[in-house]
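The values are calculated or read from the model by the stated rules, or taken from the named source; none is laboratory data. Keep in mind that what you see is a predicted model, and the values were worked out from it rather than measured. When we count neighbours, we look across all protein chains shown, and the Cβ atoms used for this are built from the backbone with ideal geometry, even at glycine. Note: areas computed on protein heavy atoms with side chains; ligands, DNA, RNA excluded. Shrake-Rupley method; radii C 1.70, N 1.55, O 1.52, S 1.80 Å.
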Amino acid sequence: MSTNPINLAIRFLLEIAMLIALGLWGWHLDAGWLRYAAMIVVPLLAATLWGVFRIQNDPKPAPVEIPGTARLLLEWALFGLAILALFNTGHFLAGIVMGIVVKLHYIFSYDRTWAMLRNKPYMGFVK
């Protein structure tokens, strides 16, 4: 189910929403010039972590391969931070909706999630 085009599109949109939420949170951290830096640095740091530390074949070779459980914890931590960022900036409904969609995404991606929990390579993207 993880390779279903609809699920992949939802995952992509969740990743974009995460970066936007973290940028919004960075904007609200300070009233001065630091807000501009935080608005860029916080999502950039999240995107770097997301893109560098991956499991094998998800969907291509990982720059830095980590165990599946570590990757799953990283994903949950970044999505959780984005949801908390939405709550912290007063966007409660957006945070609730994002939380529900993230949970549904991982439920529908049960094959990938289960492979990561067992520290097995996910073979769904390998052709």
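Descriptive notes on the structure:
- The number of residues in the stretch 84-111 that are of a type outside the set (Gly, Ala, Ser), part of a helix (DSSP H, G or I) and within 23 Å of Thr48 (Cβ to Cβ) comes to 7.
- Matching residues in the stretch 64-95 - criterion: being more than 12 Å from the chain's Cα centre (by Cα) and open to solvent by 90 Å² or more (accessible area, probe 1.4 Å): Glu65, Leu84, Asn88, Phe92, Leu93
- Scanning the stretch 29-55 for residues that are assigned to a loop (DSSP other than H, G, I, E, B) and either open to solvent by 80 Å² or more (accessible area, probe 1.4 Å) or modelled with pLDDT of 90 or more (or both) yields a total of 3.
- Counting only residues that are touching a residue at least 40 places away in the same chain (Cβ under 8 Å) and in a helix (DSSP H, G or I), the stretch 60-83 holds 9 of them.
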